[in-house]
Amino acid sequence: MARGSRNAVASLGVKPREISWESGVDVLSFGGTKNGMAFGETVVFFNRNLSQNFLYRCKQSGQLASKMRFIAAQ
């Protein structure tokens, strides 16, 4: 879990699920560089129906690793 997420959970005194899917969050994304990775992103879909067109939407918006827009920004 990301440092900011851990801090939020600790300061609120709740379980992670209480501030994510139980509170109505459909999609959650984590930036990899802020968590010590060289590059990368993680996207978690709590509502699986929203994930069906995700790759298509990324391609249509030009957010592909081959275009280096995600990686180069970091």
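Under 5 Å from the amide H of residue 41 lie the amide H atoms of 32, each residue being 5 or more positions distant or on a separate chain, with H modelled from the backbone and absent for Pro and chain starts.
The heavy atoms of residue 41 present about 90 square angstrom of accessible area, all protein chains included, probe 1.4 Å.
The values are calculated or read from the model by the stated rules, or taken from the named source; none is laboratory data. Just so it is clear, the structure is predicted and the values come from calculations on it, not from any experiment. Heads up: the accessible areas ignore ligands, DNA and RNA and are worked out on the full protein's heavy atoms, side chains in. Shrake-Rupley method; radii C 1.70, N 1.55, O 1.52, S 1.80 Å.
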